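See below for the structure under consideration.
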Amino acid sequence: MDRNNITMKKNIVTGLDLGTTKVCAVIAEISENDSINILGFGIAPSEGMNKGLVSNIGKTAEAIKEAVKIASNRAGLEVTTLNVGVAGEHITSIRHRNYVTINNEENEITKADLDRLEADVRTIRIPSDKQILHIIPEEFTIDFQGGIENPIGMSGSRLEATNHIVLASIPAISNIKKSVERAGFHVNDYILQPLASSSSVLEESEKDLGVALIDIGGGTTDIAIFHNKSIKHSKVIGIAGNQVTNDVRESLGIVTDEAEKLKKDYGYATENSIIKDEDILIRGVGARGNSKIPVSLLTQIISLRMRELFSLIDNDIRNSGYKNKIKAGIVLTGGGSLLKGCIELAEEVFGLPARIGVPQDLGSGLSNEIESPEFATVAGLIRGIPGEKSSEFIPEVVKTKKQKEKNTTNNKMTDIFTKIKVFFDEL
């Protein structure tokens, strides 16, 4: 049978990263053994997002439509539902402990008991403008015995959980939903971006030992701290790559595109990382002629903002109470981590070893196209949330391009025959 002429069921997952500078879409096929095959990848310029928030629904919808269209064309199939990344300073997190009693005859813990635990968490009081985005169990305790990762099948009379609860602004989520639906798609799941990034760039041994993930995007910097294999703290800060670019633009009196190019081509996060302090050309604007500045001056501008960002993150990590738990060090990812000297500055500010996080285990297909820190989030969106109890995956019904064209033709013929039938019925 011709593969292109049938409607197929596949374990297809589409990730959508709504960034401040770009919108990325990845379509992947997940096999039964959880291996990944990247089928399509698309990028579109983003003009409707600001620091993780939708600032223009129409422009965001157009960017979503364009990015998914490019990915769909490359994959050779159409998708309808998306896993969408969520960021922004509206994100907050809390820790909460709750318990249920086990009432069955054998005192054996089942999935239904975990469902009761989650249902109980959803009854807690939260601000009226917030909604629960994730409930992620950190650890379980059975009859006051803690440190249990998976309680199903164990025996006990009291099941307790310590949960990491992520809250998001209701209007912010609503605007994302409207943008996705205006683009012609549906949201399958909302996923906090630092959690998505962590699932693609962190190793299990790092999560166990203690690690801080710092995802530096265009509009926001996302933080996630893991210890004993579970998430302990998450935070979104509204300082990121765009603020660095804006500092360069304002200080040198140049346009944004030129400032971004100078930052990427010649900039460093710290002066200690400069290899050669050469002069670089600064193109003039209007009546202002060209000029030259040393790399060290450009780096001073960049370093001030990057040091401020890392200092804010360091304070947040200290306030979380987990600074001394981060034994595996710092993992930097996102487009902002590509700035030269980021690792050196991070190690100086945090006093911990640091590395760059690149998406791992992407399998076959077009995986080489997203093996870069700037695609950490979208690579993680196709994996789901580590540690979160999720529902059973339901394969999406997808159509190949040829099937879609055939259906369109069939629909047109059906309309014609219907109109002819109505015409003769009215005679």
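The values are calculated or read from the model by the stated rules, or taken from the named source; none is laboratory data. Keep in mind it's a predicted model, so treat the numbers as computed, not measured. Positions of Cβ are backbone-derived with ideal geometry, glycine not excepted, and every protein chain shown enters the neighbour counts.
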Just for the range 16-40: of the residues that are among the small types (G, A, S) and assigned to a loop (DSSP other than H, G, I, E, B), which one is modelled with the highest pLDDT? G19
Which of the residues spanning the range 353-375 are out of contact with any Ser or Thr (no Cβ under 6 Å at 6 or more places or on another chain) and without any contact (Cβ under 8 Å) to a residue 40 or more places away in the chain? P353, A354, R355, N368, E371, S372
So, of the residues in the range 46-71 that are farther than 25 Å from I237 by Cα and touching a residue at least 40 places away in the same chain (Cβ under 8 Å), which turns out to be surrounded by the fewest Cβ atoms within 10 Å (Cβ to Cβ)? G58
Which of the strands (runs of 3 or more DSSP E) contained wholly in the range 117-232 include at least 1 residues that are surrounded by 15 or more Cβ atoms within 10 Å (Cβ to Cβ) and either at pLDDT 95 or above or not hydrophobic (A, V, I, L, M, F, W, C) (or both)? 130-142, 158-169, 186-192, 211-216, 221-227
Filter result for S367 (crowded, with 18+ Cβ neighbours inside 10 Å, modelled with pLDDT under 95 and within 22 Å of the chain's Cα centre (by Cα)): yes
Selected residue (only one of I70, I43, I64 is over 28 Å from I223 (Cβ atoms), modelled with pLDDT of 95 or more, assigned by TED's automatic domain parsing to the domain that holds L362 and not hydroxyl-bearing (S, T, Y)): I70
Return the residue satisfying two criteria in turn: it lies in the range 82-95 and is modelled with pLDDT under 95 and in a strand (DSSP E or B), and of such residues it is nearest to L117 (Cα to Cα). R95
Options N242, N272; residue that is out of contact with any strand residue (DSSP E or B) (no Cβ under 7 Å at 6 or more places or on another chain), closer than 14 Å to G341 by Cβ and not in a strand (DSSP E or B): N272
Under 7 Å between Cβ atoms, at least 6 apart or on separate chains: pull out the pairs that start in the range 167-194 with a residue that is closer than 13 Å to I132 by Cα and end on any residue that is assigned to a helix (DSSP H, G or I). Y190/I173; I191/L381
Does the range 291-334 hold any residues that are touching a Pro at 6+ places or on another chain (Cβ under 9 Å) and under 30 Å from D279 (Cα atoms), and which are they? L332, T333, G334
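Residues checked against (1) surrounded by 21 or more Cβ atoms within 10 Å (Cβ to Cβ); (2) within 19 Å of G219 (Cβ to Cβ); (3) in contact with a helix residue (DSSP H, G or I) (Cβ under 9 Å, 6 or more places away or on another chain); (4) touching a residue at least 40 places away in the same chain (Cβ under 8 Å):
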position	(1), (2), (3), (4)
I280	no, no, yes, no
G286	no, no, no, no
S291	no, no, yes, no
I302	yes, yes, yes, yes
S311	no, no, yes, no
D314	no, no, yes, no
S337	yes, yes, yes, yes
Among (1) in a helix (DSSP H, G or I); (2) within 19 Å of G218 (Cβ to Cβ), which single condition is I254 missing? (1)
Note on the range 71-81: residues closer than 29 Å to A224 by Cβ and in a helix (DSSP H, G or I) are A71
For the range 320-347, how many residues meet the condition of being under 14 Å from E374 (Cα atoms) and in a loop (DSSP other than H, G, I, E, B)? 2
